[in-house]
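Reading through the structure tokens given below for one structure.
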Amino acid sequence: MLWYALRRLALFVPLILGVVAVTFGIMQLVPGDPAAVLLGDEASEEAVREIRRSLGLDRPWWVRLGSYYLDLAQGDMGISYFQNQPVADAIRQRVVPTLEVAVVALLISILIGLALGVAAAFWRGTPVDAASMLFAQLGVSMPVFWFGILLMYLLAIRLDLLPSIGRGPPLAGALGDAILGRPAALVDSLSHIAMPALTLGLTNAAVISRLVRSAMLETLGQDFIRTAHAKGLLTFRIVFVHALGNALLPVVSVIGLRFGALLGGAVLTESIFGWPGLGQLAVSAISQRDLPLIQGIVLTFAVAFAIVNLLVDLLYAVIDPRIRLE
Amino acid sequence: MKYARMLATVGLTSLAATAATAEITRLGADVDSATMDPRIQRNTTEYRVNNLVYDGLIKLNADLQVEPGLAESWENPEPTIWIFNLRENVTFHDGSTLVADDVVYTFETILDPDLKARFRSLFTPIETIEALDANTVRITLKEPYAPLLSYLDMGIVSKDYVESGGDIQSVPVGTGPLQLANWERGAKITLEPFEGYWGGAPDTEGIEFVVVGDNTARAQAFEAGDLDIIQSPLSSQDIGRLVENTQFQNEILGGLGITYLNFNTAHPLLSDPALRRALAMLVDQETIVNAIYEGVDQVATSILLPSSWAYDASITQPGFDPEGAKAAFAAAGWTDSNGDGTLDKDGQPLSIVLSTHSEDPNRIQSLEYIQAIMLENGVDASISIADWPAFSEGVRGGQHEIALLGWLNIVDPDRLMFGQFHTGGSFNWGSYSNSEVDAHLDTGRSATEIGDRTAAYQAAAAIIADELPYFVIAYQGYQVFHTNEVSLTPDARGMMRSVIGK
């Protein structure tokens with residue numbers, strides 16, 4: 001399994017090369033000149049040319065792509081045109097807040113998704129099933145943006161339960177404090193994360209619950225379940241150990257894929273909830289054609305996504321001993 | 001017992017937090033700063049933060065009148081020479097004293113293309129800037145340049161701090177009434193009072209700029225009590241609800257921007273002023289301003305802003321008049337000869353592309369409304385929308401036909417006219433050229449008497465209102481909402497000096 005993981009990690013190199021080339025190619029094709037955006041409307045053509053030269057944008061595309069690869073190989077992602085700081089620093093400051101929300105959202109969606117999916121399958125054809133599948137339908141169809149605004153209206157303005165915007169203390173540190181018996185920071189931190197994570201997580205929960213339901217239905221109809229019933233095992237044990245354990249496999253692989261959707265959704269939720277993450281940074285980078293920053297963020301998202309999917313594949317072997325990773 | 005204590009701890013902490021932040025004024029911002037260096041500022045949050053952290057030679061008050069800033073007084077012995085006498089005993093946030101060299105350094109570096117200062121072009125008429133002694137600065141111009149004074153609110157940086165490698169991008173050292181306490185990128189910028197301020201320590205606990213990208217979310221955060229001030233840009237669907245809420249105060253000011261149609265006069269059809277006039281008569285300004293912009297903006301009548309000293313209400317562009325447009329099209333030879341509902345001439349249909357950028361839904365809606373009326377009146381108008389970098393690249397390259405866009409920060413008429421309408425001007429994207437207008441704009445820039453400048457800009461504005469290289473749709477309004485606890489004199493640029501009484 002270690003050998004397998006190492007081989008998969010080695011594949012990250014072509015992945016990175018490819019992601020960089022594709023991003024670079026797209027940014028070549030999209031009209032819009034960062035030099036002109038940098039100088040604003042009140043700039044002369046000459047000044048724009050001057051800036052293009054100083055940013056190195058006047059060089060042929062293959063020179064620029066090549067030098068980006070060379071810099072990247074030395075761990076240098078360049079300097080953002082607009083943030084006035086190295087791309088690596090800008091990303092480092094923003095990546096933790098985005099991961100915080102994504103991880104909490106993932107947990108929420110797994111919990112809700114599993115609960116609803118199992119309930120719907122177990123009470124198949126009853127109002128419980130109908131209600132949870134209605135929820136799933138709503139969750140999938142609701143635009144993240146609209147849902148976020150609605151949630152804020154309800155929880156922050158009407159009920160005054162949660163802070164409407166901003167981030168509390170960093171989650172990891174707050175968690176440590178809570179373990180040492182000081183829960184205040186954790187409460188504060190979670191109260192800020194709650195709304196963005198719910199906004200992101202609910203759509204995801206809907207997807208997962210539908211999947212869990214169908215996987216459970218399939219498993220519940222199989223012979224070994226009947227055998228388990230015949231042996232007189234407790235229903236609880238059958239559902240949660242025998243059936244769920246076997247239904248989990250396709251669900252886990254989808255959770256890996258949904259992580260990508262969570263990162264993408266961060267772009268929207270972060271600008272609603274004033275969350276200082278990579279999503280917000282990505283929006284401004286794209287709207288300014290901040291090429292090195294766009295490149296860096298896309299690369300970060302791609303690598304994060306690849307790592308999660310690697311973990312999912314490794315998890316397979318843990319959940320299902322029949323699977324051998326070669 | 002254990003749980004009770006835990007709850008008590010939580011309760012106390014949140015109480016303490018409330019008490020400590022109660023006095024800080026929290027302002028909603030639509031974007032984060034990208035730099036704390038005023039010389040390369042680009043976005044509105046940067047201007048507004050820098051305006052509190054730094055001082056300029058002069059200060060523009062809420063009515064845009066020039067007041068002394070770091071310069072106590074100034075003289076203009078010759079049209080091309082300005083001498084500024086600096087205040088003594090002004091200290092930077094790091095404790096060092098302001099000297100004339102700091103002023104010289106600030107402007108010399110702005111003029112250096114390597115700094116990539118966005119507002120460099122405002123200062124390029126400067127020939128030299130030099131320190132006559134520790135407290136006197138002399139600016140020599142290449143040619144008389146009347147607007148200069150109103151641009152000198154640019155924040156002055158500390159030469160020693162920057163040259164010795166101080167991280168001015170993220171740790172500003174200015175002479176302003178507030179200094180940076182903390183900057184959580186992408187979330188908030190917290191400013192605290194600077195006790196050593198030359199004008200006396202400000203009476204405030206500080207100001208916090210809180211970044212919320214989405215307009216509606218920002219309005220809701222304000223309603224939820226998590227912000228104390230929000231201001232333009234606001235979404236029209238939120239304005240009505242906020243105005244009705246008696247917990248908030250609300251003020252609207254004439255802004256410093258315009259929304260306009262840029263006619264590309266190099267386009268074969270649009271090169272005819274008569275056709276431009278006829279098309280302009282199909283723009284229903286009233287409806288756009290009142291229905292789309294919720295009455296915050298005002299119907300524009302000319303290129304001169306009502307807030308400007310050069311304003312003259314008697315200079316007017318054509319108004320909304322579909323019948324008049326029909327007659328004007330007919331007079332120019334455009335009729336619906338084949339009965340297909342579209343005007344034509346010499347077998348060619350009257351086809352026009354209207355364009356704008358995708359970031360501002362109000363602009364898209366305005367353009368769609370203009371298109372609808374044009375279609376009703378026989379003009380085959382289509383729409384092209386792209387995001388700002390792509391759209392502006394097209395307009396800068398003169399590839400547009402009729403573009404809807406805007407100008408901001410017009411503190412002097414020169415800034416809205418010289419580069420825009422002068423033959424070969426830097427932002428004359430519609431290739432407009434009229435030697436009379438050129439002469440008036442030259443006079444407006446070089447004359448030192450305000451009366452002469454006024455006459456020149458009014459003469460130019462009258463020609464522009466008739467020939468329409470621009471059709472100005474609206475004077476942009478500026479709106480601010482704040483809680484009753486905040487005392488604020490609205491400033492059309494969104495500056496917050498009045499909140500801290502400085």
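FYI, it's all coordinate maths here, none of it is from the lab. Note that the coordinates shown come from a computational prediction; the quantities given were computed from them, not determined experimentally. Heads up, the Cβs are rebuilt from the backbone with ideal geometry, glycines too, and the neighbour counts pull from every protein chain shown.
Under the definition of partner shielding as Cβ atoms of other protein chains within 10 Å of a residue Cβ, what is the mean value for peptide B:388-399?
4
Tell me, what does the Kirkwood hydrodynamic radius of segment A:114-269 come to in angstroms if you use every pair of distinct C-alpha atoms?
17.8
Which percent, to the nearest 5, of DSSP beta bridges fully inside the protein assembly as shown are antiparallel?
80
Between B:D94 and A:F240, with labels modelled 7 Å along Cα→Cβ, what's the label distance in nm to one decimal, could you check?
The two pseudo-label positions are separated by 6.2 nm.
Quick one: 3J(HN,Hα) in Hz for segment A:100-110, Karplus 6.51/-1.76/1.60 with θ = phi - 60°, rounded, Gly and Pro as x.
Those phi angles translate into 3, 5, 4, 5, 5, 4, 5, 4, 4, 5, 5 Hz.
Among all the lysines, which ones have a C-alpha under 23 Å from B:K159's C-alpha, if same-chain residues fewer than 8 places away are not counted?
Hits, sequence-local ones excluded: B:K59, B:K116.
For B:K326, go through the lysines and keep the ones whose alpha-carbon is under 25 Å away, minus same-chain ones fewer than eight residues off.
B:K345
So what's the back-of-envelope 222 nm ellipticity for chain A, counting only DSSP H runs of four-plus at -39500 (n - 2.57) apiece and dividing by all residues, rounded to 500?
Theoretical 222 nm ellipticity from helices: -24500 deg cm²/dmol.
With the cut-off at 15 Å, report for segment A:11-51 the share of all Cα pairs above it, as a whole percent.
56
Principal axis extents for the protein assembly as shown, Cα atoms only, whole Å, descending order, please.
Taking max minus min along each principal axis of the Cα atoms, the protein assembly as shown gives 103, 79, 61 Å.
Return one number: the angle in degrees, 0 to 90 and rounded to the nearest 10, between the long axis of the Cα atoms of helix B:100-111 and the longest principal axis of the Cα atoms of chain B.
Helix B:100-111 sits at roughly 40 degrees to that axis.
Give the long-range amide H neighbours of B:I473: residues separated by 5 or more places, or on another chain, with amide H under 5 Å away, using H modelled in the peptide plane at 1.01 Å from N.
Those lying under 5 Å, H to H, from B:I473 are B:T259, B:Y260, B:L261.
Three principal axis extents, largest first, for the C-alpha atoms of segment B:250-343, in Å?
54, 27, 23
Counting only residues 5 or more places away or on other chains, whose amide H sits under 5 Å from the amide H of B:N135 once H atoms are built in the peptide plane?
Amide H to amide H, under 5 Å and 5 or more residues apart or across chains, B:N135 pairs with B:A100.
Projected area of chain A, taken from the Cα convex hull and averaged over every viewing direction, in nm²?
Numbers: hull surface 88.2 nm².
Orientation-averaged projected area of the Cα hull: 22.1 nm².
With both bridge residues required to lie in segment B:293-388, what share of the DSSP beta bridges run antiparallel, to the nearest 5%?
Bridges in segment B:293-388 that DSSP calls antiparallel: roughly 30 percent.
Which GluC sites (Glu not before Pro) does segment B:368-476 hold that lie in a coil by DSSP with at most 15 other beta carbons within 10 Å?
On the way: sites: B:E368, B:E376, B:E393, B:E401, B:E436, B:E449, B:E467; in loops: B:E401, B:E449.
Answer by residue number: B:E449.
In angstroms, what radius of gyration and Dmax does segment B:403-502 have, counting Cα atoms only?
17.3, 54
For chain B, what does -39500 (n - 2.57) per DSSP helix run (n ≥ 4), summed and divided by total residues, give at 222 nm, in deg cm²/dmol to the nearest 500?
Calculated from helices alone, the mean residue ellipticity at 222 nm is -9000 deg cm²/dmol.
Per-residue HN-Hα couplings for segment B:79-90, Karplus 6.51 cos²θ - 1.76 cosθ + 1.60 at θ = phi - 60°, whole Hz, x for Gly and Pro?
Values, residue by residue: x, 9, 10, 10, 10, 10, 9, 7, 4, 8, 6, 8 Hz.
If you wrap segment B:433-487's Cα atoms in a convex hull and average its projection over all directions, what's the area in nm²?
6.3
Show me the ranking of peptides B:91-103, B:231-243 by mean Cβ neighbours inside 10 Å, starting with the highest.
Details: B:91-103: 18.4, B:231-243: 16.6.
Packing proxy ranking, top to bottom: B:91-103, B:231-243.
For segment A:110-254, build the charge dipole from Cβ charges (+1 Lys, Arg; -1 Asp, Glu) around the Cα centre, then report which of A:A194, A:I208, A:L154 sits farthest towards its positive end.
The listed residue farthest towards the positive side: A:I208.
Looking at A:M27, A:G40, A:A5, which one has the Cα that reaches farthest to the positive end of the dipole of segment A:1-53 (charges on Cβ: Lys, Arg +1; Asp, Glu -1)?
A:A5
Hey, could you pull the Cα Rg and Dmax for chain B, both in Å?
For chain B, the Cα-based Rg and Dmax read 25.3, 93 Å.
Distances over 13 Å make up what percent of all Cα-Cα pairs in segment B:274-325?
62
How do A:Y316, B:Y54 rank when sorted from fewest to most other Cβ atoms within 10 Å of their own Cβ?
A:Y316, B:Y54
Nearest 10 degrees is fine. How inclined is helix B:322-331 to the longest principal axis of chain B, computing both from alpha carbons?
50
At 7 Å along the Cα-to-beta-carbon direction for both A:V13 and B:T448, put a label point, then send me their distance in nm to one decimal.
7.1
At 0.692 mPa s and 37 °C, plugging the Kirkwood radius over alpha-carbon pairs of segment B:389-461 into Stokes-Einstein gives what diffusion coefficient in µm²/s?
It diffuses with D of about 251 µm²/s by this estimate.
Quick one: Karplus J couplings for segment B:467-484, per residue in order, coefficients 6.51, -1.76, 1.60, θ = phi - 60°, nearest Hz, x for Gly and Pro?
Karplus-based 3J(HN,Hα) across segment B:467-484 equals 8, 6, x, 10, 10, 7, 7, 8, 8, 5, x, 10, 10, 10, 10, 8, 6, 5 Hz.
Once you have the alpha carbon radius of gyration of segment B:33-82, what is it after dividing by 2.2 N^0.38 Å, with N set to its residue count?
Dividing the Cα Rg of segment B:33-82 by 2.2 N^0.38 Å gives 1.37.
Which translational diffusion coefficient, to the nearest whole µm²/s, is obtained for segment B:176-322 from the Stokes-Einstein equation, given a Kirkwood hydrodynamic radius over C-alpha pairs, 4 °C and 1.567 mPa s?
The estimated diffusion coefficient comes to 67 µm²/s.
Given H placed 1.01 Å from N in the peptide plane, which residues other than close sequence neighbours of B:T335 have an amide H under 5 Å from its amide H?
When sequence neighbours closer than 5 places are left aside, the close amide H contacts are B:D344.
For segment A:229-326, what class follows from the C-alpha gyration tensor (a ≥ b ≥ c being the square roots of its eigenvalues): rounded when a/c is under 1.5, otherwise prolate if a/b is larger than b/c, else oblate?
Numbers: a/c = 5.92, a/b = 2.36, b/c = 2.51.
Here segment A:229-326 falls in the oblate category.
How many angstrom lie between the C-alpha centres of segment B:36-75 and segment B:148-216?
A separation of 11 Å, based on Cα centres.
Is there a simple number for the mean count of other chain Cβ atoms within 10 Å of the Cβ of residues in B:216-229, and what is it?
Neighbouring Cβ atoms belonging to other protein chains average 6 per residue here.
Among B:L279, B:F320, B:Y293, flag the residue with its Cα farthest along the positive direction of the charge dipole of segment B:276-329, charges on Cβ as +1 for Lys/Arg and -1 for Asp/Glu.
It is B:L279, whose Cα lies furthest towards the positive end.
Compactness ratio of segment B:332-394: Cα Rg over 2.2 N^0.38 Å, N = residue count?
Against the compact-globule rule of thumb, the ratio is 1.32.
For the Cα atoms of chain A, what angle does the longest principal axis make with the long axis of helix A:244-272, in degrees from 0 to 90, nearest 10?
That helix lies at roughly 40 degrees to the long axis.
At 4 °C and a viscosity of 1.567 mPa s, what translational diffusion coefficient does Stokes-Einstein give for segment B:463-502, taking Rh as the Kirkwood radius over Cα pairs? Give it in µm²/s as a whole number.
Calculated translational D: 99 µm²/s.
What would the Debye formula give as log10 I(q)/I(0) at q = 0.21 Å⁻¹ for the alpha-carbon point model of segment A:53-150, no solvent?
Each listed q corresponds, in turn, to -1.10.
Give the Cα extents of segment B:107-238 along the principal axes, in whole Å, largest first.
54, 36, 28
If you count, for every residue in B:111-121, the Cβ atoms of partner chains within 10 Å of its Cβ, what is the mean? Before the final figure, lay out each step's value.
Details: counts 0, 0, 6, 3, 1, 11, 2, 8, 4, 5, 6.
That average works out to 4.
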